[in-house]
Amino acid sequence: MARGQGWIVACTLAAVALVIAFSALKVDNYFFISAVLLVLGIAPFFIRFERRRIDGRELVFIAMLAAIAAVSRVPFAPIPSVQPTTFVIIMSGLAFGAESGFVVGALAAIVSNLFLGQGPWTPWQMTAWGLIGAASGGLRHTALMRGRWGRCLFGFVAGFLFGWFMNVSVMFTLGAVGPGEIVSLCAASFFFDLAHALSNVFFLYFFGNGWLRVLHRFKRKYGLLDR
């Protein structure tokens with residue numbers, strides 16, 4: 001088994017063991033449980049990314065994309081759920097693959113929250129945006145992501161999934177997890193999730209092709225993350 005796969009298996013087994021232990025001990029600190037499990041879920045992606053053979057230029061480029069994704073969120077903060085951060089993360093995954101997309105998404109969340117405020121939501125945002133970047137990278141060679149409308153559909157769905165994932169974080173933080181709470185939170189957040197989804201469609205439709213051309217040009221010219 002490769003080292004990267006070994007780390008993923010080890011973290012998964014550790015997460016399963018923690019769930020069993022928490023259940024057996026009847027631990028009711030849902031926020032602590034969720035934070036531990038999220039860290040274990042994020043760790044394999046960073047470990048695998050770190051073990052790739054990448055040089056300084058590639059690290060700087062990934063950091064630059066993460067900074068753009070993070071800073072672009074700040075000016076749009078007064079408009080709930082409308083921001084180009086998810087768009088930049090999707091573009092990063094499409095151009096450079098699942099691992100790079102995940103790292104850009106996770107870093108964008110923690111860096112932007114240096115300006116907007118850190119809190120119990122930060123690891124959940126890191127995971128949600130990271131998974132969006134990883135999904136866009138994993139699907140980049142499919143028919144869905146080759147066309148403009150397919151990418152818009154992906155962005156629309158990603159907007160709702162992000163919101164639903166964050167609703168789960170609220171339930172774990174409050175310690176109230178049940179079908180009724182899930183329906184209530186999803187109903188309350190519907191218009192915010194819709195705004196996020198539609199903003200993703202807007203940025204992907206009008207700027208997606210241009211961004212991809214620029215990123216692929218950098219990738220070919222400098223041989224960035226091409227392995």
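The values are calculated or read from the model by the stated rules, or taken from the named source; none is laboratory data. Computed from a predicted structure; not experimentally measured. Heads up, the Cβs are rebuilt from the backbone with ideal geometry, glycines too, and the neighbour counts pull from every protein chain shown.
Computed quantities for the displayed model
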{"read-out": "Count - residues of region 101-133 that are over 20 Å from Phe207 (Cα atoms) and in a helix (DSSP H, G or I)", "value": "21"}
{"read-out": "Candidate set: region 137-178, residues that are of a type in the set (Gly, Ala, Ser) and not in a helix (DSSP H, G or I); chosen: the one modelled with the highest pLDDT", "value": "Gly147"}
{"read-out": "One residue from Arg151, Arg146 being basic (Lys, Arg) and surrounded by fewer than 21 Cβ atoms within 10 Å (Cβ to Cβ)", "value": "Arg146"}
{"read-out": "Residue among Phe206, Phe172, Phe162 that alone is in the same structural domain as Ala109 (by TED's automatic domain parsing) and either aliphatic (A, V, I, L, M) or within 14 Å of Met91 (Cβ to Cβ) (or both)", "value": "Phe206"}
{"read-out": "Hits in region 134-159 (condition: farther than 19 Å from Arg213 by Cβ and touching an Asp or Glu at 6+ places or on another chain (Cβ under 9 Å))", "value": "Ala134, Gly159"}
{"read-out": "Cross-chain or 6+ apart pairs with Cβ under 6 Å, region 187-214 first and closer than 29 Å to Met171 by Cβ, then surrounded by fewer than 16 Cβ atoms within 10 Å (Cβ to Cβ)", "value": "Phe192/Pro80"}
{"read-out": "Tabulated pairs, region 75-86, first free of Cβ contacts under 8 Å to residues at least 24 places away in the same chain, second crowded, with 20+ Cβ neighbours inside 10 Å and in a loop (DSSP other than H, G, I, E, B), C-beta under 6 angstrom, 6+ apart or interchain", "value": "Phe76/Gln83"}
